[in-house]
Amino acid sequence: MRIPCPYCGARDASEFAYLGDATLTRPDPAAPDADEAFHAYVYLRDNPAGAHSEWWYHSAGCRRWVKVARDTTSHAIAGAELAGGAR
Amino acid sequence: MSRLPSGGRVDRARSLSFRFDGKTYRGFSGDTLASALLANQVRLVGRSFKYHRPRGILSAGPEEPNALVELRSGARREPNTRATVAELYDGLDAASQNRWPSLALDALSLNGLVAPFLGAGFYYKTFMWPAKFWESVYEPAIRRAAGLGRAAEGVDPDHYDKAHAFCDVLVIGAGPAGLMAALAAGRAGARVILADEDFLAGGRLNSEVARIGDEPSHAFAARTVAELASLPNVRIMTRTSVFGIYDGEYGAVERVSDHLATPAPFQPRQRLWKIAAKRAILCAGATERPIVFGGNDRPGVMLAGSARSYANRYGVAAGKSVAFFANNDSAWTSAFDMKAAGVNVTTLIDIRREVAPALAARAKALGIDVRTDTQVTGTTGQPIGGALTGLAIRTGGRGGRLAADTLAMSGGWSPSVHLTCHHGGKPVWQEDIAAFVPGRTPPGLSVAGAARGTYGLGDTLAEGARQGSEAAGDLGFTATRPDLPATEDTPAGITAFWHVQGSKGPAFVDQQNDVTAKDLGIAYKEGFRAVELMKRYTTLGMATDQGRTSNVNGLAIMAELTGASIMETGTTIFRPPYTPVSLGVLGGHHRGKDFRPTRLTPTHAWAAEQGAVFIETGPWLRAQYFPKAGETDWLTTVNREVKAVRASVGMIDVSTFGKIDLQGRDVGAFLDKVYINTFSTLAVGKARYGVMLREDGIVMDDGTTARLGPEHYVMTTTTANAVKVFQHLEFCLQVLWPELDVTLASVSEQWAQIAIAGPRARDVLARVVDTGVDVSNEGLPFMGAIERTVMGGVKARLFRLSFSGELGYEIAVPARHGEALARALMTAGEEFGITPYGIEALGVMRIEKGHVSGNELSGQTSAGDLGFGKMASTKKDYIGRVMAARPGLKDPDRPAFVGFKPVDPSQRLRAGAHFLTIGAPADMAHDQGYMTSVAHSPHLGHWIGLGLLKNGPARIGERVRAYDPVRGNDFEVEVCSPAFIDPNGERLRG
Amino acid sequence: MRYSFLSVLKNGFTGQSGWKPAWRDAAPKPAYDVIIVGGGGHGLATAFYLASEHGIRNIAVLEKGHIGSGNAGRNTTIIRSNYLLPGNEPFYEWSMKLWEGLEQALNYNAMVSQRGILNLYHSDAQRDAYARRGNAMRLAGADSELLDREGVRAMYPFLDFDNARFPIQGGLAQRRGGTARHDAVVWGYARAADQLGVDIVQNCEVTGFLTEGDAIVGVETSRGPIRAGKVGLAVAGSSSRVAQQAGLRLPMESHVLQAFVSEGLKPLVDGVITFGAGHFYISQSDKGGLVFGGDIDGYNSYAQRGNLPVVEDVAESGMALMPRIGRLRLLRMWGGIMDMSMDGSPIIDRTPRPGLYLNSGWCYGGFKATPASGWCFAHLLATDTPHATGTAFKLDRFRTGHLIDEKGVGAQPNLH
């Protein structure tokens, strides 16, 4: 699998570390339902068969976290963008 | 069954000697082992898997199920090597396999006598009584009888290489379609790789006799290969099998040296290629199918096209009297070719009532006896070795007999669709050619020629040329299609036919695994009708040939039984690899000491000089201890080292810790978010111990972080977690809080760091720092962190930290000065008897001091479990805070961190022992925790331990049972504080 | 029909004409007491034990393809009970005990073969971790043995003891561990369940659930709606997808695990060996093929195929451990889809939807669990209480913090 790193270009997936679902947002820890929200954030996943937005870390390259749009049934990659905008 | 007087693509000027089963023969350069054996009239080559039936050579390619040999010997022995693809070299040594005592007289061929009882799946129905007998009696016998060849006898002496390649167009297969595809794309300027598993490019062009333009097909192939070789943008890789299509890359194996007795110096045996290609064109050709009839497995029964290949390519007559048995026109062409080459072709048997008049006329002209509407119903053979002597035939209802030592059969052709299935595509049945053709193909891959069911030579050339130019055109190259030479196209009529009904003797579908038509009948009766169930129940298609010659026949026979169409019956999925791939080449250089990289500390050479014993810790080699002359066991050495530190001073390289540089306006705020305790309030010039959690509330890592400037911190992590923590921090920064002004850099490699510890540590430090650097208790107080210079101007970071519990410092210098620093410290400490110590002594001292380490940071412990509960700030949020408050992590009954000492001080504690309440039964319900770390404390004179005990801190003074049955230990220990030495920290503050 | 030596003999004399289908290819009835979704080992075992242990016979097992076409037919066939944590070890030991009597219980030779499993260690810390594990196994009544280097050498002299990057220091052995013939386990359970009246319905894909209020009262399938008193899901690999149809979001990711088999060889590896310095485990089938595997590929996938980096990693570990296998050939590689749960341990529990029960999250360790999984799931379905050996496998443990994290890597499935 070749990940199109926005910095480095297409690179073999073995240069990257995988984390998982990139649609999750860290909840407000001060919210009254923080327990439930963190339970969902840390543990529950949509786990779709199809389009998946996911985090890959280019550990053997630019060290950027890259959000990759990939299909979990075909492994086809539709695109990739850097985390955190243009830092 | 002997070498023809002329012809073939072998080099008759280069005669090679080889041995088979101990007997010496001769062949030619360009032979395979199979062609050379046939040329020497060797017909019996192997034994089948289950019934040990005598087998010969069925094919001339990778589909071979029968002619498997052990190639080479000793540590280079390669079992299950297909003689049909093994390139002959001078001195080749091969032996038959899966037979005892000899190939001709194999004791286990007696299995054939009881074959009626050994139908498909018989073993699932018996061998159950008595229950104990499976492991002790039945299974060992089965295991000994099963298997094929024997593994090598020793460590593989050869090397294997790996390489990456990139191209525009990858052409897989250098037959007519592949050559034209490569030519079209190559002439257009695309970067082309043309790979073929064979050692001679050309595919069928070398095995058939056809005219292309005004030259013979093999000459056309050679000329095209020459042009391709002259193009700088084309790379021809023969002896290279593309074995799998993965996401974005193709896997291929180049057999660099398999055609040599041993690899040339500095050359690998094989090389793994990972090829990233923008487009690929599969031109893998087709495989001929056998016909299923009684006795179709005798030596001498062969695929028709293969017999033709032996004649045309190798100049070998497959037999002295050759009959054909077919359902299609291609076999007729093969027969004509062979006759023309001088082989004695006697008879053409065809199941069809009618064949094209031109074929019949040609046969008549060549003097070949034609028997249409005829089937072969049985075979006879020699009493020893079983080689074919004659055929029973049936024309209409009438039986008859024919003498023949070779039967060339053809049930039609199966396109080599294997690679098209590697992304889940399912082949589609095409009725008119009675074959599966590719279904959905992997992205970027198209298929040309016989691999997609295009059999005519002219059509194949055209299809290859078209796809080659289209692929190049898609990629922006200006492609013109090569001129297509005129060809004579051969007829390709076929009438689907699989199985001779009512034939005599076992009719084999899968020859290697001995699956017969009758076995498929059993599977049908028992309900194993779905393709995958049939395959798994009967083992059809599961041999080393992966059913190349058997799958379609098996499916068709099952379809006949169920009354469903072949398409409804389905097909088995082809998975990688296309042909079997050696494990050595997939492993490459990563074996032995080179299995994984070895990281050495900056002071490694110095430590080696000091006589250090090194130990693998993750990727690192670290000094474990430094034995002195006369010290014969490690404990003596470690005790000495610990005592020396506690009495005076010692030093150890701690460069392996992760070191992370953090700079920016918001570093303090950032650290507050990732540590449970507070760092934003840390004064410049000070360091603080911190604990960080995972978001699930479990401890991730610990270490000290120092503030070197208002916007500059440096963090240390444990050796084991250095990579993980850095990645985590980057995630927090890039994904969670990108608004923070913080920049991270891993500086683990850039700084060498040496710890000195002991009452005289300050004296030693004072002698290496540059003039004017104040390292007094005031100038560098406990937990101080300052940037100064040492050794005459070398930039250094000085930290006053202690893992050992003694007065201690860590000195960091740029990595290139690490070794010099070690030597400088040794010199500076000479008068105090400075003692280098290793990680064993380091471990002893941290256990004496009650510090947690890797064994306690198990990823299963909370901050509370490890006694860090009070460190956690209640004034801020941090990673893991919310989840750490879950009841399961707050349960007071959780095992928590305490110390242990043996009640009988002579007892040796062991990490991994479980704790049980005294008097309680030794079972899971009464498990109270376990010992995490132990050490012999020279300070206390007995073993001490750290561990996690249910409600431990409330049980100080209680005795529990340390239960360690796997090492035969079971004795009482006393729960105590984990700080065995200097509990108030007076030493380190002194 | 009872299988026996005599039945084989008799059919040998009668041209194999007497065999009957091993199980009926049942058509679905409109309603059942219990529907099990998933005709793999776990689902079929659940049906068998519901029928044999709890007297519930009006059961259907619904399978979208043919039985055993998922992970039951794609694994590396290892059985063992060498777990560490109290939530796991008694369950797996119970499974081992069921394996030990399986063939007699099913009248089917599933080739349960206790040739032993050996986990190698390469450092003191690993040794201590295995001692902890071995002691835990003893506490649960399982067998375990901590071997030193010479003990390992005596078992497997051909491992690399002399030139290894991470020298073998010893191993944790479980002599009762071993392998079983995976397909035969499926067929054996299917045949035995069928004989107790269970309907095995193949080519029947569940496409939705029938509901009454909050409760699940049956399933929609490709062969029409079927009502049920209780519905149990045993669809590891697809648990998220199926549960989603009931509105549930699970603590799970689907990942691909590759497995490998070599060409057949004369006996080389007797038992099961796992490498401690990399991801690699190996055994040899009775047919002679080396069966081996390693780590999951590490990214969400439903594709049933993996990629080269893991293939290479597995081969590297194999060569590091057994450098004489370099000239052996890999014959086939394939991928299965694992339910990777968030703590690496399974879930056998009721769900928030009344009438719907969940058996999932087996990660890459489901095969060895087959008998106990079926036993415990049947117990739960029949009695609405967890079986004594499976009380920790709760769905809400992620909320309460009672996790069963053997590896200690936390909520990141690709690291388990």
Could you tell me how many degrees, from 0 to 90 and to the nearest 10, lie between the Cα long axis of helix B:839-849 and the main elongation axis, the longest principal axis, of the Cα atoms of chain B? 50
Rounded to whole Å, give me the distance from the Cα center of segment C:102-144 to that of segment B:930-986. 28
Quick one: Debye curve from the alpha-carbon atoms of segment B:309-461 only, equal weights, vacuum; give me log10 I(q)/I(0) at q = 0.09, 0.11, 0.18, 0.19 Å⁻¹ to two decimals. -0.38, -0.55, -1.09, -1.14
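Largest first and in whole Å, what are the equivalent-ellipsoid semi-axes of segment B:16-63 based on the Cα gyration tensor, each being the root of 5 times an eigenvalue?
Numbers: eigenvalues 88, 36, 12 Å².
Taking √(5λ) for each eigenvalue gives 21, 13, 8 Å, largest first.
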Rounded to 10°, Cα long-axis angle of helix B:551-562 versus longest principal axis of chain B: 70
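Can you send over the carbon and sulfur percentage of the accessible area for segment B:1-154, probe radius 1.4 Å, protein chains only? Let's see the in-between values first.
On the way: 3260 of 5630 Å².
Of the solvent-accessible surface of segment B:1-154, carbon and sulfur hold 58 percent.
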Long-range amide H contacts for residue A:5: which residues qualify at under 5 Å (H placed 1.01 Å from N, peptide plane, sequence gap of 5 or more or a different chain)? A:10, A:11
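If the chain between residue B:403 and residue B:986 were fully stretched, how many nm would it gain, using 0.36 nm times the residue separation less the Cα-Cα distance?
On the way: separation 583, 0.36 × 583 = 209.88 nm, distance 10.31 nm.
Gain on extension, residue B:403 to residue B:986, equals 199.6 nm.
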Efficiency by 1/(1 + (r/R0)^6): what FRET value for residue C:9 and residue A:2, r their Cβ-Cβ distance, R0 = 51 Å, to the nearest 0.05? 0.30
Please check chain B for the longest run free of GluC sites (Glu not before Pro) that are loop-located per DSSP (anything but H, G, I, E, B) and have at most 11 other Cβ atoms within 10 Å. B:1-353
Amide H contacts under 5 Å for residue C:61, restricted to residues at least 5 apart in sequence or on another chain and with H modeled in the peptide plane, are C:36, C:199, C:200, C:201
For residue C:393, which sequence-distant residues (separation of 5 or more, or a different chain) have an amide H within less than 5 Å of its own amide H, given hydrogens modelled in the peptide plane? C:348
Net length gained if the chain between residue B:633 and residue B:749 were fully extended (0.36 nm per residue, minus Cα distance): 38.4 nm
Give the Rg (one decimal place) followed by the Dmax (whole number) of segment C:53-158, computed from C-alpha coordinates and expressed in Å. 17.8, 55
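Summed for both chains, how many Å² of accessible area, to the nearest 100, are buried between C and B with a 1.4 Å probe?
Working: alone 17850 and 40250 Å², together 48090 Å².
Approximately 10000 Å², summed over both chains.
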Any idea how far apart residue B:593 and residue C:107 come out in nm if each label point goes 7 Å out from Cα toward Cβ? 6.3
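Give, rounded to the nearest 20 debye, the magnitude of the charge dipole that chain C has about its Cα centre when Lys and Arg contribute +1 at Cβ and Asp and Glu contribute -1 at Cβ. Mind showing how you got there, number by number?
On the way: 41 positive and 39 negative charges, 168 e Å.
With Lys and Arg at +1 and Asp and Glu at -1, about 800 debye.
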Residue mean of other protein chain beta carbons inside 10 Å, C:96-103: 1
P(r), alpha carbons of segment C:237-281 - 10 Å bins starting at zero, rounded %: 19, 29, 22, 21, 9, 0
How many nm separate the modelled label positions at residue B:153 and residue B:166, each set 7 Å beyond the Cα in the direction of the Cβ? 4.7
Can you list the equivalent-ellipsoid semi-axes of segment B:658-746, largest first and in whole Å, using the square root of 5 times each Cα gyration tensor eigenvalue? 17, 15, 12
Rounded to two decimals, the Debye log10 I(q)/I(0) of segment B:892-989 (Cα scatterers, no solvent) at q = 0.14, 0.17, 0.18, 0.19 Å⁻¹ is -0.47, -0.68, -0.76, -0.84
Pairwise FRET efficiency - residue C:385 versus residue B:496, Cβ, R0 = 45 Å, nearest 0.05: 0.15
What does the convex hull of the Cα atoms of segment B:1-154 come to per residue, in Å³, rounded to a whole number? 126
Let's test this: bin the Cα-Cα distances of chain C at 20 Å from zero up to the farthest pair and state each bin's percent. 27, 57, 16, 0
For chain B, the Cα convex hull volume per residue in Å³ comes to 230
Specify the inter-centroid distance of segment C:37-92 and segment B:741-764, based on alpha-carbon positions, in whole Å. 54
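Hey, could you grab the Kirkwood Rh for segment B:579-722? Inverse mean 1/r over distinct alpha carbon pairs, Å, one decimal.
On the way: mean 1/r = 0.0534 Å⁻¹.
Computed over segment B:579-722, the radius equals 18.7 Å.
Can you compute the FRET efficiency between residue B:29 and residue B:223 using 1/(1 + (r/R0)^6), with r the Cβ-Cβ distance and R0 = 22 Å? Round to the nearest 0.05. Spell out each step's value before the answer.
Numbers: r = 21 Å, r/R0 = 0.96.
So the FRET efficiency works out to roughly 0.55.
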Inter-part gap, Cα centre of segment C:220-294 to Cα centre of segment B:46-61, in whole angstrom, is 34
Within segment B:840-867, which residues have the backbone N less than 14 Å from the label spot 7 Å out from residue C:279 along Cα→beta-carbon, could you tell me? none
Express the Stokes-Einstein translational diffusion coefficient of segment B:691-792 in µm² s⁻¹, to the nearest whole number, given a Kirkwood radius over alpha-carbon pairs, 25 °C and a viscosity of 0.890 mPa s. 151
Report, ordered by chain and residue number, the aspartates and glutamates lying within cross-link reach of residue B:643, taken as a straight Cα distance under 20 Å and ignoring same-chain residues fewer than 8 apart. B:631, B:633, B:653, B:763, B:806, B:810, B:830, B:831, B:840, B:848, B:982, B:986
Can you work out the base-10 log of I(q)/I(0) for segment B:165-242 at q = 0.21, 0.25 1/Å, using the Debye formula on its C-alpha atoms alone? -0.85, -1.14
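Relative contact order of segment B:75-162, please, whole-number percent, based on alpha carbon pairs below 8 angstrom and at least 6 residues apart.
57
Just want to confirm a number: the relative contact order over chain B, from Cα pairs under 8 angstrom separated by 6+ residues, in percent.
Working: 2387 pairs, mean separation 88.7, N = 990.
This gives 9 percent for chain B.
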Taking only the alpha carbons of segment C:245-317, what extent do you get along each of the three principal axes, in Å, biggest first? 51, 24, 21
Please identify the cysteines of the protein assembly as shown that lack any partner cysteine with a Cβ under 4.7 Å from their own Cβ. A:62, B:167, B:283, B:421, B:732, B:976, C:204, C:363, C:376
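Compute the convex hull volume of the Cα atoms of segment C:312-416, divide it by the residue count, and report the result per residue in Å³ as a whole number. Kindly include the intermediate steps, with their values, before the conclusion.
Working: hull volume 15.1 nm³, N = 105.
In segment C:312-416, the Cα convex hull volume per residue is 144 Å³.
Out of every Cα-Cα pair in the protein assembly as shown, what percent are more than 49 Å apart?
Details: 449743 of 1113778 pairs.
When all Cα pairs of the protein assembly as shown are counted, 40 percent exceed 49 Å.
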extent check for segment B:734-887: Cα max minus min per principal axis, descending, whole Å, gives 56, 40, 30
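The values are calculated or read from the model by the stated rules, or taken from the named source; none is laboratory data. As the structure is a computational prediction, the values presented were derived from the model and not from experiment. All Cβ positions, even for glycine, are placed from backbone atoms using ideal geometry, and neighbour counts span all protein chains on display. For accessibility, only protein heavy atoms count, side chains too; no ligands or nucleic acids. Shrake-Rupley method; radii C 1.70, N 1.55, O 1.52, S 1.80 Å.
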